[in-house]
Amino acid sequence: MEQGHWFTSNQFEIVPGEDQQTNPGCYGQALANWLANKLTERGYTTDVFPEDWGWCVLCQHSEYMLWVGCGAMPTEDFDPDNPPTAHQLVWHVFPHIEIPLLDLRSRVRQWLGKLDLETPLQELDAELICILETEPSVRFCGEV
């Protein structure tokens with residue numbers, strides 16, 4: 001599976017001060033909220049929260065955590081007093097799945113081959129592709 005999807009879009013404006021919740025220049029709150037709404041429409045129960053690298057859309061938390069990372073690729077001319085506009089950024093979203101570190105039951109099930117992590121990850125990636133491909137403002141670019 002590829003390591004995510006890169007695209008441009010003028011739809012996801014920078015929320016003033018959003019990188020105070022992440023790290024300087026780590027944007028993606030509007031994108032994460034938009035994706036959370038789209039994934040909720042498709043049956044996922046979502047939660048959006050900041051991480052030090054950008055924004056996380058949690059899609060499932062049971063035996064594993066299934067989530068989408070959202071962020072903008074860093075710009076060389078980053079100015080904290082003058083954040084870029086949406087059309088100046090390349091956005092990156094990527095699906096991820098993990099077993100919580102202390103969830104021993106799920107780890108044992110995975111080791112025994114009784115916990116499928118690949119299928120839900122592939123399904124989430126397919127949903128991401130569909131959501132992005134049907135959004136007119138999204139223009140895919142190659143890996144950055």
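Here, each number is a calculation from the coordinates, and none is a lab measurement. Note that this is a predicted model, so its numbers are computed, not measured. Methodologically, a virtual Cβ is constructed for each residue, glycine included, from the backbone with ideal geometry; neighbour enumeration extends over all protein chains shown.
Screening the chain for whole DSSP H helices of 15 Å or more along their axis (Cα) with average Kyte-Doolittle hydropathy at least -0.5 returns 29-41, 118-133. Between Gln110, Gln11, Gln60, the residue with the greatest mean-square fluctuation in the GNM of the chain (Cα pairs under 10 Å linked by springs) is Gln110. In this Cβ point-charge picture (+1 for Lys and Arg, -1 for Asp and Glu), segment 76-144 has a dipole of about 580 debye about its Cα centre.
What list do you get for Asp116, Asp125 if you sort them by fewest beta carbons within 10 Å?
Values: Asp116 13, Asp125 19.
The order, fewest Cβ neighbours first, is Asp116, Asp125.
With bins 10 Å wide beginning at 0, the percent of Cα pairs of segment 5-138 falling in each bin runs 12, 40, 30, 14, 4, 0.
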